[in-house]
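The values are calculated or read from the model by the stated rules, or taken from the named source; none is laboratory data. Not measured: the values here are computed from a predicted model. Cβ placement follows ideal geometry from the backbone for every residue including glycine, while neighbour counts extend to all protein chains displayed. Areas reflect the complete protein model, heavy atoms only, side chains present, ligands, DNA and RNA absent. Shrake-Rupley method; radii C 1.70, N 1.55, O 1.52, S 1.80 Å.
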Amino acid sequence: MRECDYLIIGAGIGGASAGYRLAENASVIVVEREERPGYHTTGRSVAVYTEAYGPHVIRALAIAGGEFFTAPPKGFTDKPLCHPHGLMFVARADQRAILEAALAEVQELSPSIAMISLDEAIRRVPVLRRDYLDSVFLDPNTMALDVDAIHQGYLRGLKARGGEVVCDAEVLGFDRKAGLWKVETKAGVFAAPVVINAAGAWADVVAGMIGAREIGLVPKRRTVIAFAPPAGMKTDDWPVVFDTQEEFYFKADAGTILGSPADETPVPPQDSQPEELDIAITVDRLEKATTMAVGRIIRSWAGLRSFVADGVPVVGFDPDIEGYFWCAGQGGYGIETSAGLSRAAAALARGEDLPQDIADLGVTPADLGPQRLWS
Ligand SMILES: Cc1cc2nc3c(=O)[nH]c(=O)nc-3n(C[C@H](O)[C@H](O)[C@H](O)COP(=O)(O)OP(=O)(O)OC[C@H]3O[C@@H](n4cnc5c(N)ncnc54)[C@H](O)[C@@H]3O)c2cc1C
């Protein structure tokens with residue numbers, strides 16, 4: 001039986017980043033069901049960092065971690081974790097009020113996000129149809145992230161600090177005696193006073209095993225296709241284009257265009273696969289908003305974005321079960337918030353206050369803790 005201070009379940013970006021932080025001054029083991037970390041949602045994102053997306057807590061956590069990506073700690077990575085990209089939220093005439101309301105909200109934390117003219121939007125992304133567009137705002141701070149470099153950096157850093165990642169180690173059951181959890185996995189038994197549930201879409205399944213109340217986590221499938229950009233067009237510097245009501249988005253990525261219908265189909269936790277209908281909807285929406293003809297689809301995939309009711313992650317000790325800590329519900333923001341959220345998670349798991357910069361951005365432990373979902 002192997003012992004540690006914190007046993008983390010799940011080696012996606014949530015578990016890896018929390019483990020990286022906690023390993024600074026404690027012993028940490030991360031157990032992962034799959035043969036490699038990142039097989040599920042973490043390996044299926046579209047790798048965007050933006051200050052213009054999601055509820056206040058999400059935008060605050062992204063901002064609190066932005067500098068980690070632009071200026072990572074020495075030795076964390078040997079390649080850049082991000083590069084500037086920009087992102088435009090676009091609206092049709094019938095969506096203008098929604099776009100304006102969204103802009104007013106995001107400017108609270110990020111005043112550099114502003115409306116741009118249609119001429120400017122079309123200059124930046126020439127395939128946008130002028131007769132489709134009514135209004136556009138630009139987040140100039142958006143970055144494209146190298147998710148693999150970030151995830152591997154956390155895992156490498158965790159190991160360099162003495163932590164361990166054990167794959168092929170599906171958690172099967174829990175038992176607590178004398179202040180210590182004994183956790184049975186397919187790779188043997190582990191013991192720790194604190195277990196951290198970072199099981200992604202399976203967080204409520206793991207909660208059920210431990211006897212905890214569920215947080216009402218809903219995994220939602222999202223589909224992505226990759227296709228060739230229009231012939232002869234330089235797309236590297238296109239900002240990401242997001243429909244203001246999330247009916248579609250597209251992003252130029254390594255010589256291809258990634259497109260999504262921004263679907264949110266609730267499904268049980270699973271190894272998610274794309275559906276033909278969602279691919280057809282993606283093509284239809286992109287062709288209505290742009291002059292791009294989506295020809296051959298080079299590849300397609302789907303992943304699960306897992307949300308609780310208010311769309312904010314659940315990070316904190318469970319009030320009813322001693323030594324049980326939640327780190328779940330990162331939704332569609334788990335990569336961009338990982339640097340900020342992992343600092344918050346580590347502080348709360350150590351029984352400390354939230355880091356001051358995160359508190360200064362208006363985030364409280366109550367915003368993150370599970371109790372808010374049960375009151
Ligand atoms: C299409 C798509 C686009 C996205 N785009 C972005 C984006 O642009 N920017 C952004 O920030 N985020 C994005 N996201 C969201 C982001 O990818 C997720 O928020 C993040 O990856 C969630 O990480 P996680 O560690 O919670 O989950 P996961 O990566 O799924 O990790 C959880 C791990 O727990 C393991 N596990 C489960 N049960 C057990 C068990 N019993 N025992 C042991 N291990 C177990 C699983 O095998 C899994 O590896 C996107 C997601 C999708 C699907």
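Taking Thr41 and the conditions (1) out of contact with any Phe, Trp or Tyr (no Cβ under 6 Å at 6 or more places or on another chain); (2) closer than 13 Å to Arg343 by Cα, which numbered condition does it fall short on, given that it satisfies the others?
Thr41 satisfies every listed condition except (2).
Any residue at all in region 272-285 that is exposed (fewer than 15 other Cβ atoms within 10 Å of the Cβ) and either within 13 Å of the ligand (Cβ to nearest atom) or not assigned by TED's automatic domain parsing to the domain that holds Glu120 (or both)? It would help to see each step written out before you state the result.
Step one: filter region 272-285 for residues exposed (fewer than 15 other Cβ atoms within 10 Å of the Cβ), giving 273, 276-277, 280, 284.
Narrowing the set further to residues that are either within 13 Å of the ligand (Cβ to nearest atom) or not assigned by TED's automatic domain parsing to the domain that holds Glu120 (or both) leaves 273.
Taking every residue of region 272-285 in turn, at least one turns out to be exposed (fewer than 15 other Cβ atoms within 10 Å of the Cβ) and either within 13 Å of the ligand (Cβ to nearest atom) or not assigned by TED's automatic domain parsing to the domain that holds Glu120 (or both).
Looking for something free of Cβ contacts under 8 Å to residues at least 24 places away in the same chain and in a strand (DSSP E or B) - is there at least one such residue anywhere in region 250-261? Steps first, please.
Going through region 250-261, the residues free of Cβ contacts under 8 Å to residues at least 24 places away in the same chain turn out to be 252, 254.
Those still in the list that are in a strand (DSSP E or B) too: 252.
Scanning region 250-261, I find at least one residue that is free of Cβ contacts under 8 Å to residues at least 24 places away in the same chain and in a strand (DSSP E or B), so the answer is yes.
State yes or no: is Gln371 of a type in the set (S, T, N, Q) and open to solvent by 60 Å² or more (accessible area, probe 1.4 Å)?
On the way: of a type in the set (S, T, N, Q): yes; open to solvent by 60 Å² or more (accessible area, probe 1.4 Å): yes.
Answer is yes for this residue.
Give, as residue ranges, the strands (runs of 3 or more DSSP E) completely inside region 1-111 that count at least 3 residues that are open to solvent by less than 40 Å² (accessible area, probe 1.4 Å) and touching a residue at least 40 places away in the same chain (Cβ under 8 Å). Let's see the steps before the verdict.
Values: elements: 6-9, 28-31, 82-84, 87-91.
Correct list: 6-9, 28-31, 87-91.
When you go through Ala102, Ala71, Ala91 one by one, which is the residue that is more than 23 Å from the chain's Cα centre (by Cα) and either assigned by TED's automatic domain parsing to the domain that holds Ser17 or hydrophobic (A, V, I, L, M, F, W, C) (or both)? Reasoning before the result, please.
Values: Ala102 fails: more than 23 Å from the chain's Cα centre (by Cα); Ala71 fails: more than 23 Å from the chain's Cα centre (by Cα).
Every option except Ala91 fails the conditions.
Taking Arg130, is it open to solvent by 10 Å² or more (accessible area, probe 1.4 Å), out of contact with any Asp or Glu (no Cβ under 8 Å at 6 or more places or on another chain) and not assigned by TED's automatic domain parsing to the domain that holds Leu341? Working first, answer last.
Details: open to solvent by 10 Å² or more (accessible area, probe 1.4 Å): yes; out of contact with any Asp or Glu (no Cβ under 8 Å at 6 or more places or on another chain): yes; not assigned by TED's automatic domain parsing to the domain that holds Leu341: yes.
For Arg130, the condition - open to solvent by 10 Å² or more (accessible area, probe 1.4 Å), out of contact with any Asp or Glu (no Cβ under 8 Å at 6 or more places or on another chain) and not assigned by TED's automatic domain parsing to the domain that holds Leu341 - is met.
Does Ser117 meet the test of being farther than 16 Å from Arg96 by Cβ, among the hydroxyl-bearing types (Ser, Thr, Tyr), in the same structural domain as Asp236 (by TED's automatic domain parsing) and out of contact with any helix residue (DSSP H, G or I) (no Cβ under 6 Å at 6 or more places or on another chain)?
Working: farther than 16 Å from Arg96 by Cβ: no; among the hydroxyl-bearing types (Ser, Thr, Tyr): yes; in the same structural domain as Asp236 (by TED's automatic domain parsing): yes; out of contact with any helix residue (DSSP H, G or I) (no Cβ under 6 Å at 6 or more places or on another chain): yes.
No: the conditions fail for Ser117.
Just give me the residues in region 112-127 being in a loop (DSSP other than H, G, I, E, B) and free of Cβ contacts under 8 Å to residues at least 60 places away in the same chain, in sequence order.
First, pick out the residues of region 112-127 that are in a loop (DSSP other than H, G, I, E, B): 112-113, 117, 125-127.
Within region 112-127, Ser112, Ser117 qualify.
Being within 14 Å of Glu164 (Cα to Cα), within 16 Å of the ligand (Cβ to nearest atom) and not β-branched (Val, Ile, Thr), is that true of even one residue in region 39-57?
Initially, region 39-57 is screened for residues within 14 Å of Glu164 (Cα to Cα), giving none.
So far as region 39-57 goes, no, none of its residues is within 14 Å of Glu164 (Cα to Cα), within 16 Å of the ligand (Cβ to nearest atom) and not β-branched (Val, Ile, Thr).
Being more than 10 Å from the ligand (Cβ to nearest atom) and touching a residue at least 24 places away in the same chain (Cβ under 8 Å) narrows it down to one residue among Gly232, Gly208, Gly188; which is it?
On the way: Gly232 fails: touching a residue at least 24 places away in the same chain (Cβ under 8 Å); Gly208 fails: touching a residue at least 24 places away in the same chain (Cβ under 8 Å).
Exactly one residue qualifies, and that residue is Gly188.
Only one of (1) of a type in the set (D, E, K, R); (2) closer than 30 Å to Glu100 by Cα; (3) within 15 Å of the ligand (Cβ to nearest atom); (4) touching a residue at least 40 places away in the same chain (Cβ under 8 Å) fails for Lys288. Which number is that?
Of everything listed in (1) of a type in the set (D, E, K, R); (2) closer than 30 Å to Glu100 by Cα; (3) within 15 Å of the ligand (Cβ to nearest atom); (4) touching a residue at least 40 places away in the same chain (Cβ under 8 Å), Lys288 misses just condition (3).
Quick check on region 212-225. Is at least one of its residues more than 10 Å from the ligand (Cβ to nearest atom), modelled with pLDDT of 95 or more, within 30 Å of Val127 (Cβ to Cβ) and more than 19 Å from the chain's Cα centre (by Cα)?
no
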